[in-house]
Amino acid sequence: MGTAAVLTGLGAHLPPRRVTNADLAERLDTSDEWIASRTGIRERRWADPGVSTGDLATEAGLRALKSAGLGDDARIDLVVLATTTPDHPCPATAPEVASRIGLVDAAAYDLAAVCSGFVYALEAASNAIRAGRAANALVIGAETYSTILDHTDRTTAVIFGDGAGAAVLRAGDDTEPGALTGFDLGSDGTRRDCITVPAGGSRQRAAGGEPAEADRYFQMRGKEVFTAAVAHMTASARAAAARAGWPLGTVAHVVGHQANLRILRAVGEQLGLDPGTVVSNLDRVGNTSAASIPLALADAAAAGRFAAGDRVLLTAFGGGFTWGAAALTWPDLAAVTTDERSPIR
Ligand code: ACO
């Protein structure tokens with residue numbers, strides 16, 4: 001028996017504005033048939049102008065604390081916010097979110113690993129807990145990709161949605177339900193151009209010369225990303241399961257980064273798992289990047305799909321390239337608040 005970070009609460013929040021494939025087909029050369037058959041996405045949520053990543057993160061964080069049975073006087077030692085779309089280049093969004101939630105003096109920072117961000121953040125918080133530097137942590141994945149999309153580019157504008165999901169971790173032992181027992185992380189910076197917003201950082205500066213219009217927005221080489229996503233999500237999931245000492249046949253659910261239903265199915269197949277183990281909610285939320293795994297977990301929990309003690313493999317892939325996976329024994333969670341309950345496929 002050893003110390004482990006244990007999941008004790010989950011929360012999710014989606015902005016209310018629903019954008020269907022048909023809505024997009026009204027102004028882009030695309031169709032519900034193309035989007036649904038190539039990606040599995042049928043609708044996504046986009047934040048209204050003025051609503052930020054921090055706004056969504058705050059709501060999801062509050063819901064996660066409530067799900068963990070923590071009230072207004074909650075003390076949390078560490079807040080890690082995984083995001084690609086922070087409220088500002090400076091400062092980080094996490095300290096403001098922590099303050100808005102009422103978490104006084106918590107260590108708080110943003111973590112940028114694009115779509116792998118939530119798994120990276122879980123690993124960072126888990127390490128802090130296992131090292132005895134934090135008794136508990138709030139891990140949030142939140143994004144407003146609608147603010148960085150080129151809304152005239154059909155190859156990316158139809159894929160991404162906004163949202164936030166959050167998890168509360170506390171110190172516990174590695175044999176109890178909720179324990180995070182195996183992680184695997186990796187990256188390959190030689191493939192950085194496959195997923196990028198080229199301008200606005202120190203390489204192509206926001207001030208001192210106008211960047212090309214397209215360089216201000218998110219760009220993705222979808223086909224190359226697809227192949228790499230399947231390979232790395234599969235390999236990383238295998239590595240995390242091996243570190244946890246789990247034979248793959250004992251895994252009850254695979255919660256992958258919700259990028260594309262075809263990717264999720266391929267990962268399940270390559271792991272040799274039954275199609276029923278693959279969890280997906282992207283039909284109604286799209287690809288929400290760092291928010292996608294906690295949103296899928298919260299949806300599945302709210303729908304009662306998981307039982308305490310079930311072995312759940314999380315696996316993600318994103319810009320960088322980055323990838324990561326985690327082995328989670330499902331906890332005995334009380335209520336999980338999402339905006340709506342939906343049947344999980
Ligand atoms: N509507 C209609 N046609 C379209 C659309 C659209 N929205 N988008 C592209 N097309 C066309 C293309 O122009 C192309 O036409 P052509 O054959 O005449 O050239 C054709 O459809 C096929 O395009 P592909 O890019 O080959 O389509 P593909 O089947 O690869 O699907 C997709 C594209 C959905 C983006 C897929 O490649 C994918 O899911 N990639 C992985 C994304 C991913 O995993 N991301 C994870 C990380 S994301 C992150 O980290 C932020």
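Here is a list: T250, T196, T181, T288. Which entry is more than 10 Å from the ligand (Cβ to nearest atom) and either within 28 Å of W46 (Cα to Cα) or within 22 Å of the chain's Cα centre (by Cα) (or both)?
T181
Of the helices (runs of 4 or more DSSP H) lying entirely inside the stretch 251-335, those containing at least 2 residues that are within 25 Å of L70 (Cα to Cα) and in contact with a Gly (Cβ under 7 Å, 6 or more places away or on another chain) span 292-302.
Within the stretch 271-287, not a single residue is over 24 Å from Q219 (Cα atoms) and in contact with an Asp or Glu (Cβ under 6 Å, 6 or more places away or on another chain). Only residues that are under 15 Å from A167 (Cβ atoms) and within 16 Å of the ligand (Cβ to nearest atom) were counted across the stretch 101-140, and they come to 6.
Touching a strand residue (DSSP E or B) at 6+ places or on another chain (Cβ under 8 Å), within 21 Å of G117 (Cβ to Cβ), in a loop (DSSP other than H, G, I, E, B) and among the aliphatic types (A, V, I, L, M): is that true of A47 in this structure?
Yes: the conditions hold for A47.
Considered as a group, the residues in the stretch 7-20 that are more than 18 Å from the chain's Cα centre (by Cα) and either within 9 Å of the ligand (Cβ to nearest atom) or within 21 Å of A290 (Cα to Cα) (or both) include one that is surrounded by the most Cβ atoms within 10 Å (Cβ to Cβ), and that residue is V19.
Selection over the stretch 202-232 of residues that are more than 9 Å from the ligand (Cβ to nearest atom) and either in contact (Cβ under 8 Å) with a residue 40 or more places away in the chain or over 22 Å from L261 (Cβ atoms) (or both) gives a count of 18.
Screening the stretch 149-178 for residues that are within 12 Å of the ligand (Cβ to nearest atom) and either of a type in the set (G, A, S) or crowded, with 17+ Cβ neighbours inside 10 Å (or both) and picking the one that is nearest to V79 (Cα to Cα) gives G161.
Checking the structure you have, find out if any residue of the stretch 49-71 is in contact (Cβ under 8 Å) with a residue 12 or more places away in the chain and within 16 Å of the ligand (Cβ to nearest atom). Reasoning before the result, please.
Of the stretch 49-71, the ones in contact (Cβ under 8 Å) with a residue 12 or more places away in the chain are 51-54, 56-70.
Then keep just the ones that are within 16 Å of the ligand (Cβ to nearest atom); that gives 53.
Within the stretch 49-71 (the criterion being in contact (Cβ under 8 Å) with a residue 12 or more places away in the chain and within 16 Å of the ligand (Cβ to nearest atom)), the answer is yes, since at least one residue qualifies.
Across the stretch 256-268, not a single residue is classified as more than 27 Å from G163 (Cα to Cα) and among the hydrophobic types (A, V, I, L, M, F, W, C).
Bear in mind these aren't lab numbers, they're just calculated from the coordinates by the rules spelled out. This is a predicted model, so every value here is computed, not measured. So basically every Cβ, Gly included, is an ideal-geometry build from the backbone, and we count neighbours across all protein chains shown.
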